[in-house]
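Notes to accompany the following structure.
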Amino acid sequence: MRPSISLLVPCYNAEHYVRNFLAMAKAQTWPYHEIICCDDASTDQTAELIEAEGVSLIRTNRNRGPAWARRELLDVANGDFVHFHDVDDLILPRFVETMSPILDRETIAVCARKEISRSGTEKTVSLTNADFLNCVDLVLRNFIHFNQAVFPTALARKHMQLVPDLRVLEDRLAFLSMAAHGAKFRYIDDALTTFIKRDSSVTASQSHSDGMDCLYAYWKLAAPLVGDRAQTLANYVSYTAWSYYYEDATVYPQLKRIMESIKSRGLASIPNPSRFERHLARFLAPETIYWLRRKRSEQA
């Protein structure tokens, strides 16, 4: 028997994408068990277009973000498995047929993805450092988009953390929380979905200050989950914070807060330090290294 997969689609002001995406969803060679959209208080015609397509619709009374919408969708799904997909991205018609054979009730199925940059450059993203015996490390070392995965519904309801205030990085926390509770991964190196980076996306339009707040919230939520992989997490968080600081020096107080939190756990707060930087950090505060790196980047 074919597994029953619920397609769950969070939507916000997506009137330009709804019809095309739902056409792709309905064109699957093996059909989805159901398609459910959540309109997150759109101010355009998104909800009306979804209803015109005869698709199940949940409405929120105010905009709460994609994590909230995904939780609402997960709560009402009837399939044994769920697949979250962004409405402005693409999916091949053989997604369900290709993923179905590797599904089971204890495993997250993941495929590769295509990625289109804001400049239009296209690339295929496969999992690297793919140690499937240590799934926490696998998730920390790879960005896995929701579009790429099919989750067992019961497992997702039990262990997936979907935090409404985390408007970016919610996908990283969702996969990490499941891996930390023992979920296993199976992988198909076939790019069945396409992730399109857009200037209008939350990540692109978010201020650096808001991004740093989300990064700090992610660090505080993720750190208790990673066990002996804490330094790997700290490397990602500190590198990302350092990148924000390069672009906007006003986020320095937030950078310092993140570094101090990392140090309080006995972890290194400077990603990939040079020999000179290691010696300098012994005598000066680590933020001095960030200041020097920023100055070097401005002169480059």
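Using a 10 angstrom cutoff on alpha carbons, build the Gaussian network for the chain and name the most mobile of Pro66, Pro224, Pro93.
Comparing Pro66, Pro224, Pro93 in a Gaussian network model of the chain, the most mobile one is Pro224.
Once the Cα atoms of helix 230-247 and of the chain are each reduced to a long axis, what angle between those two axes, in degrees from 0 to 90 to the nearest 10, is obtained?
Tilt of helix 230-247: around 80 degrees.
For a quick check: sort Arg62, Arg296 by the number of other beta carbons within 10 angstrom, fewest at the front.
On the way: Arg62 7, Arg296 10.
Final ranking by Cβ density, sparse to dense: Arg62, Arg296.
The chain: D in µm²/s via Stokes-Einstein (Kirkwood Rh, Cα pairs, 37 °C, 0.692 mPa s)?
Numbers: Rh = 20.5 Å.
After rounding, the answer is 161 µm²/s.
Dividing the convex hull volume of the Cα atoms of the stretch 65-216 by its residue count, what figure in Å³ per residue is obtained? Walk me through the numbers on the way to the answer.
Details: hull volume 17.8 nm³, N = 152.
Convex hull volume per residue, Cα atoms: 117 Å³.
Give me the angle, in degrees from 0 to 90, between the Cα long axis of helix 252-264 and the longest principal axis of the Cα atoms of the chain, rounded to the nearest 10.
With rounding to tens, the tilt is 90 degrees.
If each residue's Cβ is checked for other Cβ atoms within 10 Å, how do Phe276, Phe84, Phe151 rank with the fewest at the top?
Working: Phe276 10, Phe84 26, Phe151 29.
Ascending number of Cβ neighbours within 10 Å: Phe276, Phe84, Phe151.
Tell me what the chain gives for mean residue ellipticity at 222 nm when only DSSP H runs of n ≥ 4 count, each as -39,500 (n - 2.57), the sum divided by the residue total, rounded to 500 deg cm²/dmol.
Details: 13 runs with 130 residues, N = 300.
-12500 deg cm²/dmol, from helical runs alone.
About the Cα centre, and with charges only on the beta carbon of Lys, Arg (+1) and Asp, Glu (-1), how big is the dipole of the chain? Nearest 20 debye, please. Write down the numbers at each step before the final one.
Values: 36 positive and 36 negative charges, 254 e Å.
Charge dipole of the chain: 1220 debye, to the nearest 20.
How do Phe146, Phe132 rank when sorted from fewest to most other Cβ atoms within 10 Å of their own Cβ?
Phe132, Phe146
Quick one: angle between helix 286-299 and the longest Cα principal axis of the chain, in degrees between 0 and 90, rounded to 10, please.
80
Under 18 Å from a point 7 Å along the Cα-to-Cβ line of Gln299: which residues of the stretch 238-262 have their amide N that close?
Those under the cut-off are 246-247.
Roughly what % antiparallel, to the nearest 5, for the DSSP beta bridges in the chain? Working shown, then result.
Numbers: 11 of 35 bridges.
That works out to approximately 30 percent antiparallel.
All of the numbers you see were taken from the coordinates with simple rules; none came from a lab. Computed from a prediction, not measured in an experiment: that's the story for all the values here. Virtual Cβ from ideal backbone geometry, glycine too; neighbours counted across all protein chains shown.
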